[in-house]
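The values are calculated or read from the model by the stated rules, or taken from the named source; none is laboratory data. On a predicted model such as this, the values are computed, not experimentally measured, just so you know. Positions of Cβ are generated from backbone atoms using ideal geometry, with glycine treated the same way; all protein chains shown enter the neighbour counts. SASA here: full protein model, heavy atoms, side chains in, ligands and nucleic acids out. Shrake-Rupley method; radii C 1.70, N 1.55, O 1.52, S 1.80 Å.
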Amino acid sequence: MTELAPYAAHPESSRGRQIPEAAPEGRSEFQRDRDRIIHSSAFRRLEYKTQVFVNHEGDLFRTRLTHSIEVAQIARSIARSLKLHEDLTEAISLAHDLGHTPFGHAGQDALNECMKEHGGFEHNLQSLRVVDLLEERYGAFDGLNLTFETREGILKHCSRKNAAELGTLGERFLRGEQPGLEAQLANLADEIAYNNHDVDDGLRSGLITIEQISGIPIISRHIACARADYPELSGRRLIHETIRRMINSQIIDLTRETLNNIGKHSPRDIEDIRKSPRILSFSPEMQQAQLELKQFLRNHLYQHYKVTRMSAKAKRIITDLFQAFTSDIRMLPSQFREKAESGGDAMRITADYIAGMTDRYAIREHRRLFAVEEIPS
Ligand code: MG
């Protein structure tokens, strides 16, 4: 790893773990966090969870696992240019979606609706719940007992009400402060990754076409460059040559603008970063260009009738499962049922169970509960 900037997160001055542990040998505290995340079962389940397309729709679409790896790749390369802690950046990137429900945003909205009267459901807070509480692997503690800095990065957004219950970790939402740069970076690397791969997957699915996207400025100039370099190129190769240029230009823009901001605010350490306005950002022009791309994706991909149908189906599945389990908690698998029967919050336990499901598991569980014919377990 390259030398760390003074304003990066330094593992020696980490705010530490909730349960103190002996320092790791041969690796840093943030490497240990990254390693624990990769070995968690929630991480493995990302393979069968999706964002826009449901897992069974095709083998070539992104899943939350490949998305998280793309986020980590983009974030790590920017971290290296900015001399931030690469392993911390990677840990946050790999963990950022651990709390996502099956079926992407449709699933999250449905579960939030089910939990409306019981404290709601926020996927960022759920990611934190996974690493703080729900992983059952270690003898000395529940969860993964990660460092403050990784947990701070995982909790990207949080309502003031929930922040007030989180102690030190929630304080920044009440004070309007920022997290460290590694957390800010994982957040924007997430945006770069999904905007670009949604264009790619959208084209692959045939729901959007290259003619349609040619009208969006952020894309059209890269199509033109790719065509100028390779006049004969078409199809998948043209798309890839366009998207790699888009990703690259966003990375360069983000790095340049952030270095400018660092020059302006001259932060001395991570505490200065936390108190400064957001240092890690795209240029205003790039922000505008991304907004136009997002609007296009919303109108033509996320609200495409085929995606809308799948989202409606996903909402029905989640809502049916929640209603079935909460009407009779004896239908929950034994480890969840025992928690509910020994005084746990049955609504939250049901939400944890459903949020942990993969797309295909949720579909199968729905059939087990509602199909008339026998469904093998
Ligand atoms: Mg993400």
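Results, tabulated for the structure shown:
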item: Pair list, Cβ under 7 Å, 6 or more apart: the range 245-269 residue over 12 Å from LEU280 (Cα atoms) and open to solvent by 20 Å² or more (accessible area, probe 1.4 Å), other residue outside any helix (DSSP H, G or I) and not hydroxyl-bearing (Ser, Thr, Tyr); result: ARG268/PRO6; ASP269/PRO6
item: ASP345 in contact (Cβ under 8 Å) with a residue 24 or more places away in the chain and at negative phi; result: yes
item: Pairs, first among the charged types (D, E, K, R) and within 16 Å of the ligand (Cβ to nearest atom) in the range 190-218, second assigned to a helix (DSSP H, G or I) and open to solvent by less than 10 Å² (accessible area, probe 1.4 Å), C-beta under 7 Å, six or more apart; result: ASP190/VAL71; ASP198/LEU297; ASP198/LEU301
item: Residue list for the range 339-364, restricted to those being of a type in the set (Asp, Glu) and modelled with pLDDT of 95 or more; result: ASP345, ASP352
item: Conditions (1) over 28 Å from LYS315 (Cβ atoms); (2) assigned to a helix (DSSP H, G or I); number of the one not met by GLU136; result: (2)
item: Filtered residues of the range 2-40 (kept if among the aliphatic types (A, V, I, L, M) and surrounded by 12 or more Cβ atoms within 10 Å (Cβ to Cβ)); result: LEU4, ALA5, ALA8, ALA9, ILE37, ILE38
item: Of all residues making up the range 333-377, the number that are open to solvent by less than 80 Å² (accessible area, probe 1.4 Å), in a helix (DSSP H, G or I) and among the polar types (S, T, N, Q); result: 2
item: Test result for GLN184, more than 22 Å from ALA226 (Cβ to Cβ), within 16 Å of the ligand (Cβ to nearest atom) and among the polar types (S, T, N, Q); result: yes
item: Evaluation of MET115 against (1) more than 12 Å from the ligand (Cβ to nearest atom); (2) touching a His at 6+ places or on another chain (Cβ under 7 Å) (one fails), failing number; result: (2)
item: Filter pass, HIS222 being open to solvent by less than 40 Å² (accessible area, probe 1.4 Å) and either out of contact with any strand residue (DSSP E or B) (no Cβ under 9 Å at 6 or more places or on another chain) or touching a residue at least 12 places away in the same chain (Cβ under 8 Å) (or both); result: yes
item: Residue in the range 172-189 that is farther than 28 Å from VAL52 by Cα, in contact (Cβ under 8 Å) with a residue 24 or more places away in the chain and open to solvent by 40 Å² or more (accessible area, probe 1.4 Å) present; result: yes
item: Top-ranked residue in the range 67-79 [being among the β-branched types (Val, Ile, Thr) and either within 10 Å of LEU94 (Cα to Cα) or within 11 Å of the ligand (Cβ to nearest atom) (or both); ranked as least open to solvent (accessible area, probe 1.4 Å)]; result: VAL71
item: Positions within the range 87-106 being within 15 Å of ILE354 (Cβ to Cβ), small (Gly, Ala, Ser) and more than 14 Å from the ligand (Cβ to nearest atom), in sequence order; result: ALA106
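For every residue, the table says whether it meets (1) more than 18 Å from SER93 (Cα to Cα); (2) of a type in the set (Ser, Thr, Tyr); (3) surrounded by 21 or more Cβ atoms within 10 Å (Cβ to Cβ); (4) free of Cβ contacts under 8 Å to residues at least 40 places away in the same chain.
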| position | (1), (2), (3), (4) |
| --- | --- |
| LEU133 | yes, no, no, yes |
| PHE141 | yes, no, no, no |
| LEU144 | no, no, yes, no |
| PHE148 | no, no, no, no |
| GLY153 | no, no, yes, no |
| SER159 | yes, yes, no, yes |
| LEU166 | yes, no, no, yes |
